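Some notes on the structure that comes next.
The values are calculated or read from the model by the stated rules, or taken from the named source; none is laboratory data. Remember, it's a predicted structure, so these values are computed and weren't measured experimentally. Here the Cβ positions follow ideal geometry from the backbone for every residue, glycine too, while neighbour counts run over all protein chains shown. These area figures cover heavy atoms from the full protein model, side chains too; ligands, DNA and RNA do not enter into them. Shrake-Rupley method; radii C 1.70, N 1.55, O 1.52, S 1.80 Å.
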Amino acid sequence: MRSEQQDHEKVDPDVLARAQAPALDEDDIDDSKYVSGLPGVLGVVDVAIARIEAILLAVGVLAMAVNTMANVVGRFMLGQSLFFSEEVNRALIILITFAGISYAARHGRHIRMSAFFDIMPPPMRKLLMIVIALVTAAAMFLLTWYSVDYVLAQASRGRLLPALQVPVWWIIVWAPLGFFLTGLQYALTAIKNMIHKDIWLSTSTLEGYDDTPAEEV
Amino acid sequence: MALAIFSVMIVLLLLGFPMMVPLIAGSLIGFVSLFGGVGQLDTMVQQILGGIQPASLIAVPMFIFAADIMTRGQSANRLIDLVMAFVGHLKGGLAVSTATACTLFGAVSGSTQATVVAVGGPLRPRMLKAGYKDSFVLALVVNSSDIAFLIPPSIGMIIYGVVSGTSISELFIAGIGPGLLILVMFSIYSYIYAIRHNVPTEPKTSWRDRAGAIQRALWPLGFPVIIVGGIYGGVFSPTEAAAACVLYALLLEMVVFREMSLKELYSTAKSTGLITAVVFILVGAGAAFSYVISFAQIPQQILGGIGIDDMGQYGVLFTISIAFFVGCMFVDPIVVILILVPIFAPVVDSVGLDPVLVGTIITLQVAIGSATPPFGCDIFTAIAVFKRPYTEVVRGTPPFILMLLTVAVLLIFFPQIALFLRDLAFDK
Amino acid sequence: DTWRYAFEEALEEVQGKFAQKFKEEVEANSDHSVQLFPFGTLGESDSILEQTQSGILQFVDQSPGFTGALIPEAQVFFVPYLLPQDEETLATFFEESKAINEMFPPLYAEQGLELLTMFPEGEVMMTTTEPVEGPADLNEVKFRVMTNPLLVESYQAFGATPTPLPWGEVYGALQTGIIQGQENPAFFIESTKMYEVTDHITRAGHNNFTTAVMANKEFYDGLSDEDRTVVDNAIDVAFDYIIDYQDGLTEESLEKIKEAKPSMTITTLTEEQRQPFMDTADSVEQEFLEIGGDQAQAILDQLKADLEAVSSQ
Ligand code: NA
Ligand code: NA
């Protein structure tokens with residue numbers, strides 16, 4: 001009992017270091033070091049897409065802050081609310097979400113519960129990782145298909161955003177794109193696991209690289 | 001069907017699939033079996049997109065962004081130094097401060113997810129440094145943030161009030177008692193935890209050093225002014241206050257403290273976007289899943305079979321508690337309130353229960369269910385923001401759930417915990 | 001079969017009452033059963049309309065103002081002072097209006113929707129923190145309106161600062177003072193407790209909240225003659241019921257509000273006091289003609305003719 005308590009008092013230095021790490025270090029993703037899972041020209045295109053995703057994420061978040069504040073300024077200083085600001089935020093959150101799920105897939109950042117996964121022997125883990133990546137890719141491609149369907153339906157119905165008076169499908173067109181690119185990343189992850197040694201969480205992330213805690217189990 | 005869906009979801013979850021897959025699979029099976037094929041899957045996409053668009057969710061990325069800027073720069077540390085100067089010498093002082101900060105911030109911002117980030121982000125490293133175990137810190141942050149459901153303004157109570165036709169002002173006041181009781185219990189637990197685990201205290205700070213800490217924190221003290229003053233003063237909505245915090249944080253870190261470069265700003269915005277995306281895709285997938293549950297009228301089927309009409313007051317209250325607790329383990333709290341409240345309304349009326357008491361109990365169960373695994377936005381947010389594994393984030397949860405359930409039971413047998421203030425304020 | 005019917009309000013509010021009556025009628029006169037889905041349980045208002053278009057739901061209640069995103073002409077119901085201000089004339093108006101009964105159904109049909117009926121939900125009233133007797137009292141008042149260009153234009157023309165806000169934030173915003181007013185029918189002000197956070201109700205008679213019940217067109221066209229008669233009759237019975245139900249509902253709701261909060265003032269503006277508000281309607285009409293689609297002019301003219309017709313009866 002006593003020893004267990006002392007165990008509790010000790011802080012895992014890794015946890016501490018990671019938690020304290022200020023500003024840009026290992027937690028931030030350095031896009032210039034990103035290596036695509038695709039060969040040749042396709043790889044170049046893929047790296048470019050990754051860059052665009054990153055920029056969309058950053059710009060989307062900044063634009064959201066500015067847009068929201070502009071509404072406040074309008075209301076108080078100009079006596080006029082920007083009544084389209086809510087719709088702009090809707091467009092931005094969709095953009096951020098769908099640019100982000102693909103970017104997260106590239107860097108193995110999607111949330112998962114890995115407790116049982118982590119205690120399996122390595123060959124099992126590798127096999128399971130391939131199954132996970134394939135099933136996830138399939139789910140993403142399925143959603144790609146039906147989100148194209150949904151975007152087309154919206155386009156044909158001609159639904160408009162009430163304040164901006166622009167077609168709704170303009171702001172949701174990111175959904176099929178995001179699902180497709182995410183599916184592609186998982187498919188590539190499956191392939192990478194098949195042809196390479198080690199276990200890959202994504203095309204650029206080796207398992208154990210980021211967060212496999214020693215104390216879990 | 002419900003059982004099959006839940007089983008598949010749990011299995012996929014345990015095997016280590018990305019969390020969005022179990023939710024998507026659950027909705028897929030639901031859609032295919034409800035509509036006899038894949039013909040209506042575009043509606044599933046519609047629900048995913050609908051789930052991420054509510055205007056009130058915009059506060060979440062904004063608070064994540066502001067907190068990230070503050071933590072990378074100096075604002076957060078200066079604020080925490082100030083708190084530590086006053087409570088650092090007390091056993092469990094930092095933990096109690098964290099719980100209190102979560103409660104207050106959550107109450108004001110109206111967003112439990114934003115609270116996890118904005119309060120948990122800066123305070124977690126300090127608590128680890130002070131010697132608290134990570135699983136305790138994470139559970140403390142997530143659960144204290146959920147107290148915010150009970151303290152006005154509470155979106156859950158507004159929805160309940162509208163659906164059930166109950167006075168929202170009375171609900172707001174009734175939530176304060178149980179909310180504070182929970183905070184007190186968490187504080188006592190934190191104190192006991194600090195003693196049992198021998199978390200060291202710092203030497204008492206002199207008044208001179210305290211004055212220094214106040215001075216260093218003068219600029220960052222603008223944040224509470226923006227949030228509390230801005231919202232209660234009628235300047236900002238919670239979402240706008242979040243955006244104002246972002247701009248103020250940028251002003252401090254880039255101009256006043258000169259701590260952040262443009263490049264870091266870019267990285268921070270990108271990292272905020274990434275966290276937002278991995279959480280929001282789960283919010284969207286969760287919405288599609290809620291749709292299936294709602295469309296198939298699964299709660300109605302389950303509750304129709306248990307003979308709630310023949311129960312007395314306590315029976316009804318326990319049934320309601322369990323139904324909301326279980327519902328919120330899997331489904332978004334707002335949807336649970338929308339679906340279940342009309343089902344229970346007639347029996348609440350017929351056994352003569354006070355709808356304000358029922359609303360308070362429901363809101364409490366919603367808070368408990370949201371913090372309880374397997375699914376919960378605040379859990380997801382904590383995983384994404386702190387980059388800790390799922391199991392680590394939920395491991396410290398049981399004692400907190402136990403305390404929350406204790407309050408829930410107390411509330412059923414001693415309704416005055418909630419109604420005392422209401423009766424005082426409304427002269428009943 | 002099981003038919004599914006979704007609406008934008010709670011079960012005990014006006015749209016819910018209509019739906020309950022419809023369900024009761026259908027189930028009494030056929031073997032079909034109707035499942036009701038109140039607001040929020042299957043998604044937002046736009047979402048349930050889309051689900052009806054794609055045939056997942058058979059029936060839906062959406063107010064034409066919202067349908068305006070899809071059928072721009074439907075926004076005409078946001079033009080102030082276009083509907084009769086008196087309740088009895090209003091019911092006749094809905095039954096006899098050519099615009100409503102002849103011009104709108106084809107527009108809905110283009111979107112795969114069978115327009116079954118439109119009905120009024122009650123006079124729209126302003127609730128504010130300061131008393132309102134004329135446009136001058138709305139000066140600089142931040143007034144919450146739904147996100148629609150015509151409502152924004154209306155309140156701008158009234159002199160207020162129209163402020164769009166998601167419904168979930170309205171109560172809190174009135175409490176903290178971000179906004180100082182909002183508008184809704186009396187039953188809704190009562191059920192959503194808006195009176196708890198405002199002090200004055202003003203009846204300017206500028207509008208009556210209108211809503212519409214629709215069916216998926218393919219489903220409706222595919223019904224047997226017998227079933228179609230069941231549906232049509234159920235709609236008729238529910239229409240009469242809801243007009244009856246509302247007779248006095250406004251007064252009853254206002255009484256409940258008075259009882260819960262005796263300090264609440266309820267002011268009905270006189271004809272003279274209404275005039276300056278009515279004078280602003282022109283600018284809103286212009287805006288409607290701009291964004292109201294191909295038939296905006298025709299519909300506006302017809303509604304005015306219909307109004308003329310019932311008023312002279
Ligand atoms: Na709250
Ligand atoms: Na949960």
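Step by step: first the residues of the range B:387-398, then only those that are open to solvent by 20 Å² or more (accessible area, probe 1.4 Å) and at the interface with another protein chain (Cβ under 8 Å from one of its Cβ atoms), then the one that is farthest from ligand 2 (Cβ to nearest atom). Which residue is that?
Quick first cut of the range B:387-398, residues open to solvent by 20 Å² or more (accessible area, probe 1.4 Å) only: B:387, B:391, B:394-395, B:398.
Cutting the leftovers down to at the interface with another protein chain (Cβ under 8 Å from one of its Cβ atoms) gives us B:387, B:391.
Working: B:K387: 20, B:T391: 15 Å.
Among residues in the range B:387-398 that are open to solvent by 20 Å² or more (accessible area, probe 1.4 Å) and at the interface with another protein chain (Cβ under 8 Å from one of its Cβ atoms), the one farthest from ligand 2 (Cβ to nearest atom) is B:K387.
Inspect the range B:232-239 for any residue being touching an Asp or Glu at 6+ places or on another chain (Cβ under 7 Å), surrounded by fewer than 15 Cβ atoms within 10 Å (Cβ to Cβ) and not in a helix (DSSP H, G or I) and give the result as yes or no. Steps first, answer last, please.
Let us first name the residues in the range B:232-239 that are touching an Asp or Glu at 6+ places or on another chain (Cβ under 7 Å), namely B:237.
Of the ones still in play, those that are also surrounded by fewer than 15 Cβ atoms within 10 Å (Cβ to Cβ) are none.
Within the range B:232-239 (the criterion being touching an Asp or Glu at 6+ places or on another chain (Cβ under 7 Å), surrounded by fewer than 15 Cβ atoms within 10 Å (Cβ to Cβ) and not in a helix (DSSP H, G or I)), the answer is no, since none of the residues qualifies.
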Problem set entry | Subset of the range B:150-171 (residues that are facing another protein chain (nearest Cβ under 9 Å), open to solvent by less than 10 Å² (accessible area, probe 1.4 Å) and within 15 Å of ligand 1 (Cβ to nearest atom)) | B:G161, B:I168
Exercise. Of the residues B:I158, B:I168, which single one is in contact with an Asp or Glu (Cβ under 8 Å, 6 or more places away or on another chain) and without any contact (Cβ under 8 Å) to a residue 40 or more places away in the chain?
Worked result: B:I168
Exercise. If you check every pair at least six apart or on different chains, which have Cβ atoms under 7 Å apart with a residue in the range B:365-376 that is over 16 Å from B:L317 (Cβ atoms) first and a residue that is of a type in the set (F, W, Y) and within 15 Å of ligand 1 (Cβ to nearest atom) second?
Worked result: B:A367/B:F149
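Select from the range B:322-335 the residues that are within 18 Å of the chain's Cα centre (by Cα) and either open to solvent by 10 Å² or more (accessible area, probe 1.4 Å) or more than 17 Å from C:G40 (Cβ to Cβ) (or both) and list them in ascending order.
At the first step, the residues of the range B:322-335 found to be within 18 Å of the chain's Cα centre (by Cα) are B:324-335.
Once the filter is applied, which keeps residues that are within 18 Å of the chain's Cα centre (by Cα) and either open to solvent by 10 Å² or more (accessible area, probe 1.4 Å) or more than 17 Å from C:G40 (Cβ to Cβ) (or both), the range B:322-335 yields B:F325, B:V326, B:G327, B:M329, B:F330, B:V331, B:D332, B:P333, B:I334, B:V335.
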Problem set entry | Members of the range A:97-124 found to be facing chain B (nearest Cβ under 10 Å) and over 9 Å from the mean Cα position of the chain (by Cα), listed by number | A:I111, A:R112, A:M113, A:S114, A:A115, A:F116, A:F117, A:D118, A:M120
Problem set entry | Selection from the range A:68-92 of residues that are facing chain B (nearest Cβ under 8 Å) and touching a helix residue (DSSP H, G or I) at 6+ places or on another chain (Cβ under 9 Å) | A:T68, A:M69, A:N71, A:V72, A:E86, A:N89, A:R90
Exercise. What is the number of the single condition among (1) part of a helix (DSSP H, G or I); (2) away from every other protein chain (no Cβ under 14 Å); (3) closer than 30 Å to C:K23 by Cα that C:V213 does not meet?
Worked result: (1)
Exercise. Can you find a residue in the range C:37-58 that is over 21 Å from B:M44 (Cα atoms), in contact with an Asp or Glu (Cβ under 9 Å, 6 or more places away or on another chain) and open to solvent by 10 Å² or more (accessible area, probe 1.4 Å)?
Worked result: no
Exercise. Taking the range C:91-110 as the region of interest, how many residues are touching a helix residue (DSSP H, G or I) at 6+ places or on another chain (Cβ under 9 Å) and open to solvent by 30 Å² or more (accessible area, probe 1.4 Å)?
Worked result: 8
Problem set entry | Enumerated helices (runs of 4 or more DSSP H) restricted to the range B:301-381, each holding at least 1 residues that are within 16 Å of ligand 2 (Cβ to nearest atom) and modelled with pLDDT of 90 or more | B:313-330, B:355-371
Problem set entry | First in the range B:6-28 and at the interface with chain A (Cβ under 8 Å from one of its Cβ atoms) and over 23 Å from B:T43 (Cβ atoms), second anywhere and acidic (D, E) and surrounded by fewer than 24 Cβ atoms within 10 Å (Cβ to Cβ), Cβ under 9 Å, 6 or more apart | B:G16/A:D118
Problem set entry | Answer residue from the range B:102-139, given it is polar (S, T, N, Q) and within 12 Å of the chain's Cα centre (by Cα) and is nearest to B:V235 (Cα to Cα) among those | B:S109
Problem set entry | The listed residue being more than 14 Å from chain B (Cβ to nearest Cβ) and at negative phi, out of C:F158, C:F188 | C:F158
Problem set entry | Check on B:V38, surrounded by fewer than 21 Cβ atoms within 10 Å (Cβ to Cβ), β-branched (V, I, T) and facing chain A (nearest Cβ under 10 Å) | yes
Exercise. Looking at C:F78, C:F119, C:F66, C:F93, which one is touching a Leu at 6+ places or on another chain (Cβ under 8 Å) and more than 14 Å from chain A (Cβ to nearest Cβ)?
Worked result: C:F93
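Kindly indicate which of C:F209, C:F219 is in contact with a Phe, Trp or Tyr (Cβ under 9 Å, 6 or more places away or on another chain) and more than 30 Å from B:L57 (Cα to Cα). If you could, list the steps in order and put the result at the bottom.
Values: C:F209 fails: more than 30 Å from B:L57 (Cα to Cα).
Result of the check over C:F209, C:F219: C:F219.
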For this session: May I ask you to verify whether B:A408 is more than 16 Å from ligand 1 (Cβ to nearest atom), more than 16 Å from B:S135 (Cβ to Cβ) and within 14 Å of chain A (Cβ to nearest Cβ)?
Result: no
Exercise. Within the range A:202-216, is even one residue farther than 27 Å from B:G284 by Cβ and hydroxyl-bearing (S, T, Y)?
Worked result: yes
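Hand me the list of helices (runs of 4 or more DSSP H) wholly inside the range A:118-217 holding 1 or more residues that are modelled with pLDDT of 95 or more and touching a Pro at 6+ places or on another chain (Cβ under 8 Å).
Values: elements: A:122-157, A:169-172, A:174-195.
Because the criterion is at least 1 residues that are modelled with pLDDT of 95 or more and touching a Pro at 6+ places or on another chain (Cβ under 8 Å), the helices (runs of 4 or more DSSP H) in the range A:118-217 that meet it are A:122-157.
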For this session: For the range B:354-373, state whether one or more residues are within 14 Å of another protein chain (Cβ to nearest Cβ), within 22 Å of C:T41 (Cβ to Cβ) and more than 16 Å from ligand 1 (Cβ to nearest atom).
Result: yes
For this session: State whether one or more residues within the range B:139-149 are within 16 Å of ligand 1 (Cβ to nearest atom), open to solvent by 10 Å² or more (accessible area, probe 1.4 Å) and at pLDDT below 90.
Result: yes
Exercise. Can you name the residue in the range C:162-191 that is polar (S, T, N, Q), buried (at least 22 other Cβ atoms within 10 Å of the Cβ) and more than 16 Å from the chain's Cα centre (by Cα) and, of all such residues, is nearest to B:P238 (Cα to Cα)?
Worked result: C:T163
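Here's the yes/no breakdown for (1) more than 26 Å from A:A99 (Cα to Cα); (2) more than 10 Å from every other protein chain (Cβ to nearest Cβ); (3) open to solvent by 20 Å² or more (accessible area, probe 1.4 Å):
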site: B:A242; (1), (2), (3): no, no, no
site: B:L252; (1), (2), (3): yes, yes, no
site: B:V255; (1), (2), (3): yes, yes, yes
site: B:S261; (1), (2), (3): no, no, yes
site: B:A269; (1), (2), (3): no, no, no
site: B:G286; (1), (2), (3): no, yes, no
site: B:V292; (1), (2), (3): yes, yes, no
site: B:I306; (1), (2), (3): yes, yes, yes
site: B:M311; (1), (2), (3): yes, yes, yes
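How do the helices (runs of 4 or more DSSP H) wholly within the range C:223-285 filter down when requiring 3 or more residues that are hydroxyl-bearing (S, T, Y): which remain? Show your work before the answer.
On the way: elements: C:225-246, C:249-260, C:271-278.
Ranges flagged: C:225-246.
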For this session: Would you check if there is a residue in the range B:119-126 being open to solvent by 20 Å² or more (accessible area, probe 1.4 Å) and within 15 Å of ligand 1 (Cβ to nearest atom)?
Result: no
